[in-house]
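The values are calculated or read from the model by the stated rules, or taken from the named source; none is laboratory data. Since this is a predicted model, take the numbers as computed values, not measurements. Note that we place each Cβ from the backbone using ideal geometry, even for glycine, and neighbour counts take in every protein chain shown.
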Amino acid sequence: MRILISNDDGIYSPGVAALAEVARQFGEVRIVAPDVEQSSMGHAITANRPLGYCRTPVGDFEAFRVNGTPADCVALGVDHWGGVDLVLSGINLGTNLGTAIWHSGTVAAAKQATILGLRGIALSTAVNDQVPEFGRLRPHIEEVLRLLMQEASPRLVNVNLPGNPHGIQWTRQSVRQYDAKILAIKDPMGRDLYWFTVGPVGQAEPGTDRWAFEHGLVSITPLSLDLTDYAALHGLAESSKARSSREYS
Ligand code: MN
C-alpha cells in the first residue's frame, strides 16, 4: 500500500515525521509537504504560478517539499508517485475542532485526497509550549489508522487526539461554539495592526468533536465533500411544488 503524507505545518514539523513513523508499518510511505508553514490556509490552491517539487529526505523517508499549499502538495504528490492508496495529513501541532475545519490546511490536504477519489485522514493533536509527546500518542494513532483503513470506514475523516487519550469516540463537527475576534495592537511605530483569532465560546455539546476532545477521547468525525443544506433544499422544493400546483389548479 502506498501512503502519501502531507501537512500544513511544513515539511520540517516533528508531527509529519511522527506520523510517517507510525504509517510505515502499514505500507510504503512518501512525504510531500509545504516548504514553510501553511496553517489556516484552508483549501487554497496555487493557480497563478508554477510549483517547485524538491527532494528533501526526512530521516530515512522519501520526501519532497513544495512551495505551495497543503492541497497543492497532495495533488502534486499523488500525480508524481502514482498508485497512491491513502493520504494522511498531520500530525498537526494544534487541534482542528469545530469551525476550525473551514480554515484548516490539515483537513484540506485530506479533503484534496477525497476529491481525487482517495481515502483522506487528517490528524491533529493538542499543543502548548511543548512539542507533543508523540511516543505516548503512537499506540492511539496506530489504533485509529487500523480502524480507519477498514473498507467500510468513511473516506474522509478528521481526527483530533488529546495529549493522553483514554478512548475513541465517533463525533459530529461542533459548529456553534467558535467565535472570530479581531484584536487591535500597535506596531513599534505606533501604527495600527490587527490579529484575527478564533476561539471556543460556551460549552461543547455532547457528541461533538470538541466535547470528546475535552473529555480525553480521540475524536473521529466523518466529513462530507457535499456542503448542500439538504433540509433547506427539501423545503424549497416542497414550497415550489406547492406554488406550481396552486398556479395550475
Ligand atoms: Mn498547522
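Laid out as a table, the results:
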read-out: Number of positions in the range 149-179 that are among the aromatic types (Phe, Trp, Tyr) and not in a strand (DSSP E or B); value: 0
read-out: Flag if VAL175 is under 17 Å from the mean Cα position of the chain (by Cα), of a type in the set (A, V, I, L, M) and crowded, with 19+ Cβ neighbours inside 10 Å; value: no
read-out: Filter result for ASP35 (of a type in the set (D, E, K, R), within 13 Å of the ligand (Cβ to nearest atom) and surrounded by 17 or more Cβ atoms within 10 Å (Cβ to Cβ)); value: no
read-out: Sole exception among (1) away from the ligand (no atom under 15 Å from the Cβ); (2) more than 11 Å from the chain's Cα centre (by Cα); (3) surrounded by 20 or more Cβ atoms within 10 Å (Cβ to Cβ) for ILE121, by number; value: (2)
read-out: Subset tally (residues that are free of Cβ contacts under 8 Å to residues at least 60 places away in the same chain and part of a loop (DSSP other than H, G, I, E, B)) for the range 119-131; value: 4
read-out: Hits in the range 24-58 - residues which are closer than 14 Å to GLY68 by Cβ and of a type in the set (Asp, Glu); value: ASP35, GLU37
read-out: Given (1) on the phi > 0 side of the Ramachandran plot; (2) of a type outside the set (D, E, K, R); (3) surrounded by fewer than 24 Cβ atoms within 10 Å (Cβ to Cβ), index of the condition GLY90 fails; value: (3)
read-out: Residue within the range 41-53 that is of a type in the set (Ser, Thr, Tyr), closer than 12 Å to SER6 by Cβ and either modelled with pLDDT under 95 or away from the ligand (no atom under 11 Å from the Cβ) (or both) present; value: no
read-out: The lone exception for TRP195 - which of (1) surrounded by 10 or more Cβ atoms within 10 Å (Cβ to Cβ); (2) farther than 30 Å from MET149 by Cα; (3) among the aromatic types (Phe, Trp, Tyr) it fails; value: (1)
read-out: Residue in the range 13-28 that is under 23 Å from ARG136 (Cα atoms), within 16 Å of the ligand (Cβ to nearest atom) and among the polar types (S, T, N, Q) present; value: yes
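Let's see how each residue does on (1) at pLDDT below 95; (2) under 23 Å from GLU142 (Cα atoms); (3) within 12 Å of the ligand (Cβ to nearest atom); (4) in a helix (DSSP H, G or I):
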{"position": "GLY68", "(1), (2), (3), (4)": "no, no, no, no"}
{"position": "VAL74", "(1), (2), (3), (4)": "no, yes, no, yes"}
{"position": "HIS80", "(1), (2), (3), (4)": "no, no, no, yes"}
{"position": "VAL87", "(1), (2), (3), (4)": "no, yes, no, no"}
{"position": "GLY98", "(1), (2), (3), (4)": "yes, no, no, no"}
{"position": "ALA108", "(1), (2), (3), (4)": "no, yes, yes, yes"}
{"position": "GLN112", "(1), (2), (3), (4)": "no, yes, no, yes"}
